[in-house]
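Heads up, the thing below is written out as structure tokens.
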Amino acid sequence: MTDSVINETERRREATETSLKQLGSLIYEQIQNREFPWIMMQSRSSDNINYDDELRQFILGDRTVRRHSRNVRNIRPFTQFLWTAWFARELVRLKKTSTLREVYYSARGQRDIEFTGQTESDYTITDLEVALNTPRESMNIYPKDRGAIFGDLNIEYTFPPAYEGRMKNLTDNPDGAPIGRSLTSSKLVDTTADKVIVIEKDAMFSRFVEEKVHEKHNAILIQTEGIPSRSARMVIRRLNKDMGLPIYIFTDGDPWGLHIAMVIISGSAVAAHLRGLTTPDAKWIGVWGTDVLKYKLPTENLTEQDLKRLKEIKDDPRYVDELWQREIDIFLKMGKKAELEAFSALGLTYIVDEYLPEKLESL
Amino acid sequence: MTEIVYQSISPSDFFYRNREIAGFSNPSRAVYAAVRELLENSLDACERQRVPPDIFLRLTEVSSSEGDTSTYIMRIEDNGTGLPPDQIPSAFCRVFYGSKYTLQQSRGTFGLGGTITILYGQITTHQPVTITSSTGGDIHEFTMMIDIERNEPMILKHKVLGNKKGWRGTVVHLQMEGDYSRIKSRLLDYLKQTAMVSPYADLTFVDPVGRLFRFERGTDMMPPLPQAVKPHPHGIDVENFRRLVSITKAKSMKEFMTEHFQGVGSKTADNFLKSAEIGNRTRPSSMKPEDIVTLVRAAREFKDFKRPDATCLSPIGEELLEKGIRKELGLTEHDFLKVVSRKPSTYLGFPFIVEAAIATGPSIRKQFKTGTTIIRFANRIPLLFDESSGVVWKVVNKNIHWDTYNVSSDTPMVVVVHVCSTKIPYKTVGKEYMADQPEVEKELTNVIRTSARSLRLFISRSIRIARERRRLDIFAKYLPKIAEFSTKLSDKEILPDIEPLLTAVSRAIPEVEQKIKEVPTIDG
């Protein structure tokens, strides 16, 4: 098994390196042919982002854009793009990782290449993802670590090189294991759990660990610290697709909580160029508007922004299902919202002892 | 009870009492005015002789008196016409005596420039003036003073010297009180601008501390000499008309009109006299004062006279002015200069011509930093004072909208303006600035606009060439990097050749550079 893990990682690494190298050759040839270098890629403008019912996520349309070096305005970004490709290839070749911020600062060390801000370098990296159809994680470029995972899951590290092949059980740390680049790139070996519970907030995650939800409900617990990072979304997807575990999502009962759940299920428009980040079968199980009424949870009024956002997502193609439409309507009708912590009004452990079992039962 | 005493005073006495009118208002301005009067007399003398002027001017400090005021010897030598010996005493030592009281463009028109300087020297130092002059024959040297009350020269000494080398010219040697240190920079500006407007002159100045300033001749070409012409009916006043009537030999008013005025033929004379309701056979001697007033007024109204004759004017000309400006501003091929001379025009019966030039570029930026510098000339005399009161300032700063010509507030620019006329519309007796006479203002606006149109092309082409260069710089910066990273990324050994691409982007530059040099060929 260990061998196949290494081989799989090695294979992905080689594939990424090859496409980066091909990019270099393409541009090299263009110069040799007395042509100002250019590349074509799918357009990421909003009118080229469509929702695909089958994939249940946003995808890029057929429109393409050309990034070229033919004029003064474009030659600098083009050079930055090429430098970023070279930098990514060096990362992959040297088996090193880097954060988005580190890429930005590495460019600062290059005369005339430096980005005016991290927004610019992030955008260039996204260009590279689209052009090569490869997520940046495959090019060893990661965002800041965010989120944690806890439960009886054995993983095997493939990275960093010094940890290659090392095993770890994810109940070792009661605060949870950070979902960082090592965890994201590890092989998920085996688990006794039969479900995954994703929680948007670390406070509630700690409550769940403390109350041994993982044992009582035989679950792996994940907290996303708000909108889940791409790493967290990839891990959730792999737990679902590769290990066959159902995913249940708990968020605040407000439009932002709905959005967090939906990003896990169907992804976001900004990642329309990527596959492998969504978990269409994941289920949002609370806090519903129905729950607010049923458990008579303490609430707060919906703000104007909340109302606006709710009306927006009501028309969003990702929210067409009956459940979403029903709950959105209830929130709109109540004009109220409730956080996960609202259950504390019924007793600190009420959420774990009463609400959760009832919810899981009802599915 | 006071008794009021009525007395008449001589012209010398008048100017003695009112010397500030001629510019001798304080010790420093006196130095400036003295140099200006004598130098301009010398230039006029040389031009009449049609020889390129060689003028030497020296100020020597004799003794310092109270405060900053010192006594100086002023000596000026020229190679002009020189004066016949019998004319010398009156020409220099009698006020209102001179050769300039005709209708013809010349530098001074008070006819007292030289004399007032001598007068000023005499009253401040009580020293005589020495005039040495020759018209080619013997050299005559007069040592004289002015009898101020009687407006007459007093000859103290008269020497006749041999002239083996055939020298021709005039030397004026006098003493005066003044303050050089305060006027030094203006005086040097004045000399520089004089050199600019007279590029065929060679000027040398030695200042009181022995510093030598040379303004070398740039060309031997001289502008044509202005011709003396008869007055134009539009420009005559009652007094002048009366004088002409009193001296005329004409038998009839028709003959009088055709004889004494320009632009009046026999038909025009008939029509004009008819419009003034004066019989064309009327004898001039029978004209009553009120008839003269009627006639002068009618002349102003009458539209069918020919335009005033401009042959009495002596513009510098585009070629000479360009030479002078290039020489004195030290312009190079990278600088822009456009000179435009307008056709003659008239105001109140006086012909005038305006000429203007605009210069900009790296040499101008070096000397003047930013903003607009105005250099004014009237009948080839630099005007250095009261700039913001004059019409040129008004035209440059109010009438012309420089942003239309791509000129921004930090564009360094020199605007040179020359107005020549038989009567410059000076606003004050100090003759330092011109009034906004509508016709003159309009011509000035037109001439500056014409050269500004070339300037606009120059600036837009400069902007374009700068942009092309920046563009090339950017490609030259990034193409090698693209080559480098594509080589590294594709594991190649040798860098791809970017030269063809660089050649492609730089193709536009020589073309624009060529155009930039062509700019001044645009016609005024």
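The values are calculated or read from the model by the stated rules, or taken from the named source; none is laboratory data. Treat the numbers as computed from the prediction; the structure is a model and nothing was measured. Counting neighbours? That spans all protein chains shown, and the Cβs are built from the backbone with ideal geometry, glycine included.
Restricting to region A:81-100, and then to whatever is more than 9 Å from chain B (Cβ to nearest Cβ) and touching a Pro at 6+ places or on another chain (Cβ under 9 Å), can you tell me which residue is farthest from B:Glu468 (Cα to Cα)? Checking each candidate, the answer is A:Lys95.
A single member of A:Thr134, A:Thr171 is polar (S, T, N, Q), in contact with a Gly (Cβ under 9 Å, 6 or more places away or on another chain) and surrounded by 14 or more Cβ atoms within 10 Å (Cβ to Cβ), and it is A:Thr171. Considering only region A:94-119, state which residues are under 25 Å from the mean Cα position of the chain (by Cα) and assigned to a helix (DSSP H, G or I). Hits for region A:94-119 are A:Leu100, A:Arg101, A:Glu102, A:Val103, A:Tyr104, A:Tyr105, A:Ser106, A:Gln118, A:Thr119.
Could you give me the residue pairs with C-beta distances under 6 Å whose first residue belongs to region B:360-389 and is within 22 Å of B:Lys427 (Cβ to Cβ), whose second residue is of a type in the set (Lys, Arg) wherever it lies, and which are 6+ apart or on separate chains? Taking only residues 6 or more apart or on different chains, the pairs are B:Asn379/B:Arg107; B:Ile381/B:Arg107; B:Leu383/B:Arg376; B:Leu384/B:Arg186.
For region B:310-321, the set of residues classified as farther than 12 Å from B:Val197 by Cβ and not in a loop (DSSP other than H, G, I, E, B) consists of B:Glu318, B:Glu319, listed by residue number. Of the residues making up region B:254-271, one or more are assigned to a helix (DSSP H, G or I), surrounded by 18 or more Cβ atoms within 10 Å (Cβ to Cβ) and among the basic types (Lys, Arg).
Looking at region A:35-50, which of the residues that are surrounded by fewer than 18 Cβ atoms within 10 Å (Cβ to Cβ) and within 14 Å of another protein chain (Cβ to nearest Cβ) is nearest to B:Leu502 (Cα to Cα)? My answer is A:Glu35.
I need the full set of residues from region A:101-125 which are in contact (Cβ under 8 Å) with a residue 24 or more places away in the chain and surrounded by fewer than 18 Cβ atoms within 10 Å (Cβ to Cβ), in order please. Give the steps one after another, and end with the answer.
Taking region A:101-125 as the starting set, the residues that turn out to be in contact (Cβ under 8 Å) with a residue 24 or more places away in the chain are A:101, A:103, A:107, A:110, A:112-113, A:115, A:120-121, A:124-125.
Hits for region A:101-125 are A:Arg101, A:Gln110, A:Asp112, A:Glu120.
Does B:Pro438 meet the test of being over 30 Å from A:Ile39 (Cα atoms) and loosely packed, with under 15 Cβ neighbours inside 10 Å? Yes; evaluated as a whole, the condition is true for this residue. Taking A:Arg76, is it outside the structural domain of A:Arg237 (by TED's automatic domain parsing), part of a loop (DSSP other than H, G, I, E, B) and within 23 Å of A:Ser121 (Cβ to Cβ)? Against the criterion (outside the structural domain of A:Arg237 (by TED's automatic domain parsing), part of a loop (DSSP other than H, G, I, E, B) and within 23 Å of A:Ser121 (Cβ to Cβ)), A:Arg76 does not qualify.
The numbered conditions (1) at pLDDT 95 or above; (2) on the phi > 0 side of the Ramachandran plot are all true for A:Lys95 except (1). If you go through region B:13-48 and keep only what is among the polar types (S, T, N, Q) and either surrounded by fewer than 19 Cβ atoms within 10 Å (Cβ to Cβ) or without any contact (Cβ under 8 Å) to a residue 40 or more places away in the chain (or both), you end up with B:Asn18, B:Ser25, B:Asn26. Among the residues of region B:439-481, those that are within 14 Å of another protein chain (Cβ to nearest Cβ) and in contact (Cβ under 8 Å) with a residue 12 or more places away in the chain comprise B:Arg464, B:Glu468, B:Arg469, B:Arg471, B:Leu472, B:Phe475, B:Ala476, B:Leu479, B:Pro480.
State whether one or more residues within region B:345-360 are under 30 Å from B:Leu273 (Cβ atoms) and either at pLDDT 90 or above or in the same structural domain as B:Gly23 (by TED's automatic domain parsing) (or both). Yes - at least one qualifying residue is present in region B:345-360. Run down A:Phe150, A:Phe78, A:Phe159 and say which single residue is among the aromatic types (Phe, Trp, Tyr) and within 14 Å of chain B (Cβ to nearest Cβ). On inspection, the qualifying residue turns out to be A:Phe78.
For region B:91-110, name all the residues that are touching a strand residue (DSSP E or B) at 6+ places or on another chain (Cβ under 6 Å) and either at pLDDT 85 or above or part of a helix (DSSP H, G or I) (or both). Of everything in region B:91-110, those that are touching a strand residue (DSSP E or B) at 6+ places or on another chain (Cβ under 6 Å) and either at pLDDT 85 or above or part of a helix (DSSP H, G or I) (or both) turn out to be B:Phe92, B:Cys93. Listed conditions (1) of a type outside the set (Asp, Glu); (2) over 20 Å from the mean Cα position of the chain (by Cα); (3) closer than 30 Å to A:Gln42 by Cα are all met by A:Pro174, apart from (3). Please verify whether region B:152-168 includes one or more residues that are part of a helix (DSSP H, G or I) and modelled with pLDDT under 90. So far as region B:152-168 goes, no, none of its residues is part of a helix (DSSP H, G or I) and modelled with pLDDT under 90. Scan region A:51-72 and give yes if some residue there is modelled with pLDDT under 90, within 14 Å of another protein chain (Cβ to nearest Cβ), under 30 Å from B:Glu499 (Cα atoms) and not in a loop (DSSP other than H, G, I, E, B), otherwise no. The answer is yes; a qualifying residue exists.
When restricted to residues that are basic (Lys, Arg), buried (at least 17 other Cβ atoms within 10 Å of the Cβ) and touching a strand residue (DSSP E or B) at 6+ places or on another chain (Cβ under 7 Å), region B:299-339 contains 2. Of all residues in region A:149-175, exactly one satisfies the criterion of being within 24 Å of A:Arg93 (Cα to Cα) and polar (S, T, N, Q), namely A:Thr158.
The residue list B:Gly80, B:Gly113 contains one member that is under 21 Å from B:Gln193 (Cβ atoms) and either at pLDDT below 85 or surrounded by fewer than 21 Cβ atoms within 10 Å (Cβ to Cβ) (or both), which is B:Gly113. Evaluate the following for B:Tyr200: is it within 22 Å of the chain's Cα centre (by Cα), assigned by TED's automatic domain parsing to the domain that holds B:Ile123 and assigned to a loop (DSSP other than H, G, I, E, B)? Taking the combined requirement at face value, the residue satisfies it. Restricting attention to region A:68-78, does a residue exist that is hydroxyl-bearing (Ser, Thr, Tyr) and under 27 Å from A:Pro280 (Cβ atoms)? No; the residues of region A:68-78 include none that is hydroxyl-bearing (Ser, Thr, Tyr) and under 27 Å from A:Pro280 (Cβ atoms).
Regarding B:Glu290, is this residue touching a strand residue (DSSP E or B) at 6+ places or on another chain (Cβ under 9 Å) and either loosely packed, with under 13 Cβ neighbours inside 10 Å or modelled with pLDDT of 85 or more (or both)?
Values: touching a strand residue (DSSP E or B) at 6+ places or on another chain (Cβ under 9 Å): no; either loosely packed, with under 13 Cβ neighbours inside 10 Å or modelled with pLDDT of 85 or more (or both): yes.
Criteria not met by B:Glu290.
Among the residues of region B:280-287, at least one is over 39 Å from the mean Cα position of the chain (by Cα), in contact (Cβ under 8 Å) with a residue 40 or more places away in the chain and surrounded by 17 or more Cβ atoms within 10 Å (Cβ to Cβ).
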